[in-house]
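What follows is a set of notes on a single structure, which appears directly below.
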Amino acid sequence: MKLNRRHFLASLMAVGATIALPVPLAQATTAQVNTAWKQLLKDPWFFAVNADNTITDTSIGEPKFRHQVFDVCLCDQCTPDSLVSDIEDCEPLASHFQQLALDELDEVRFNLDDDALTRHERRRLERLEETLEDDQEGWRDWVLLAGPKGLPRFQQLVKAWLASPIGSDDYEWLPSSSTAQGSAMGFFESLPRETLKALGVVIVDGEHPGSTYYAAELCQPITNANAVATELGLPFRFEPLGSSVVGGA
């Protein structure tokens, strides 16, 4: 069961392991890679296994705020079109803007009841009302209709959303690498199937249709899995979640 050590070390580095190399991994010689491998065998990286047998990478702190996992360009070069595109690429933010558009529609209708409105202002509000009545696409046209002058307002709305805590509706959209469970899953997905089978690791890609549970699970006792890892010469081990060793290298 021969492994590509360079690729394996790259996967370990991706989950936070410190690899003792004098140069970047891509530039390291085969001898340097082998030396780093031997050092890791003496001081292996540890993955945690919780009570449900889910493998986690405790070097990854669970994100608390949206800006830690979602990225929207709010730079000086931002335009209404580019902002709309970025919002569309972030599903939970797009849903948020749909709700903002509905709130804006209520405000517009309230203002339209004002008899003191000028003809110009009434026409503007009526046009905006028509735009916002599309509960799916209205928010996009709302941003575009406001143009560059309205851009600061929408940028502030995005900033406020990014600065807020992650909500329950956000979790299915989080990048897998941003969570301890997803990071560990990404590592084990990179291993050969034969290695996973020997370790007793199973990749769960959704427990049932519509499920958002994706994880690597250890389906044999930790002591057995560690014995296999030792026998195969792998530079990582497993520990129960909460162990003082977990997360270290």
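Couple of notes before you dig in:
- Test result for Leu128, of a type in the set (A, V, I, L, M) and closer than 17 Å to Val72 by Cβ: no
- Residues (within 31 Å of the chain's Cα centre (by Cα) and of a type in the set (S, T, N, Q)) located in region 103-149: Gln136
All of the numbers you see were taken from the coordinates with simple rules; none came from a lab. These figures come from a predicted structure and were not determined experimentally. So basically every Cβ, Gly included, is an ideal-geometry build from the backbone, and we count neighbours across all protein chains shown.
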